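See below for the structure under consideration.
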């Protein structure tokens, strides 16, 4: 009976939050459905811990997406996706967290609390860097060529973006520690300082990996009509020309891989520390 109650609570809560996101155009219709599935699964498996982290990630990311939206509209033709998050975006950013959430449900091993935290601090760090870094007065530097490039270029970094990446990671790490304290979750040999450090580091590493993949492996196209480089494979149903990277490495796949790799690195780092 308790499992059914947890399922219903998760379903109702995630449905309400997802519907609000849909009405605010932060989610597409299929993105709303994906968020309901993700939110229900997270609540069922890691209860308030995972749910709180995903709410912090989704809320802050959504707010920052709409900051100075008029400036960001100029970059829409560069980004592969620039409307509300769709189903694939939702699971590209939250699927890894859902996976670790269920492992924690079956094992109660506190390392998976850390990996859940990293799985949300990484996309949060990347989103904060992307959404707020473009507001920098200076153009970013490509980590592929080390030359200045236009804003919105995949694999480019700026000082402002790095700062916000760190802050985005830290806010999830802090939320994780606070939630563990409030819920009095068992963390065994781990200390709260270690949890904070590992999640903060993992989130920042995820953002760095995302930038590296964006600069090297992500498919980048050239639009002959607009005369710009873009992540979009098509423009008005006309295919753009692939100039570097691989088609399979679209933005969603890069996000998913960067999050997964950051959690794996932190897992091995944890084992090395202990």
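The values are calculated or read from the model by the stated rules, or taken from the named source; none is laboratory data. Computed from a prediction, not measured in an experiment: that's the story for all the values here. When we count neighbours, we look across all protein chains shown, and the Cβ atoms used for this are built from the backbone with ideal geometry, even at glycine.
The figures follow:
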read-out	value
Spans of strands (runs of 3 or more DSSP E) in the stretch 201-273 with at least 3 residues under 20 Å from residue 157 (Cβ atoms) and either in contact with a helix residue (DSSP H, G or I) (Cβ under 7 Å, 6 or more places away or on another chain) or at pLDDT below 90 (or both)	228-230
Meets criteria (surrounded by fewer than 22 Cβ atoms within 10 Å (Cβ to Cβ), out of contact with any helix residue (DSSP H, G or I) (no Cβ under 7 Å at 6 or more places or on another chain), without any contact (Cβ under 8 Å) to a residue 12 or more places away in the chain and farther than 26 Å from residue 271 by Cβ) for residue 159	no
Selection within the stretch 11-27 - in contact (Cβ under 8 Å) with a residue 12 or more places away in the chain, over 17 Å from the mean Cα position of the chain (by Cα) and closer than 22 Å to residue 124 by Cα	13, 14, 15, 17, 19, 22, 24, 25
Criterion: free of Cβ contacts under 8 Å to residues at least 60 places away in the same chain and surrounded by fewer than 18 Cβ atoms within 10 Å (Cβ to Cβ) - qualifying residue of 237, 186	237
Helices (runs of 4 or more DSSP H) wholly inside the stretch 1-111 containing at least 1 residues that are at pLDDT 90 or above and surrounded by fewer than 19 Cβ atoms within 10 Å (Cβ to Cβ)	2-23, 29-65, 87-107
Residue within the stretch 183-193 that is modelled with pLDDT of 85 or more and under 14 Å from the mean Cα position of the chain (by Cα) present	no
Restricting the stretch 240-252 to residues that are in contact with a strand residue (DSSP E or B) (Cβ under 8 Å, 6 or more places away or on another chain) and crowded, with 17+ Cβ neighbours inside 10 Å, the residue that is farthest from residue 121 (Cα to Cα)	240
Qualifying positions in the stretch 131-148 - in contact (Cβ under 8 Å) with a residue 40 or more places away in the chain, in a loop (DSSP other than H, G, I, E, B) and either over 12 Å from residue 159 (Cα atoms) or touching a strand residue (DSSP E or B) at 6+ places or on another chain (Cβ under 9 Å) (or both)	143, 144
Meets criteria (farther than 17 Å from residue 89 by Cα, within 22 Å of the chain's Cα centre (by Cα) and crowded, with 21+ Cβ neighbours inside 10 Å) for residue 219	no
Verdict on residue 187 being in a helix (DSSP H, G or I) and at negative phi	no
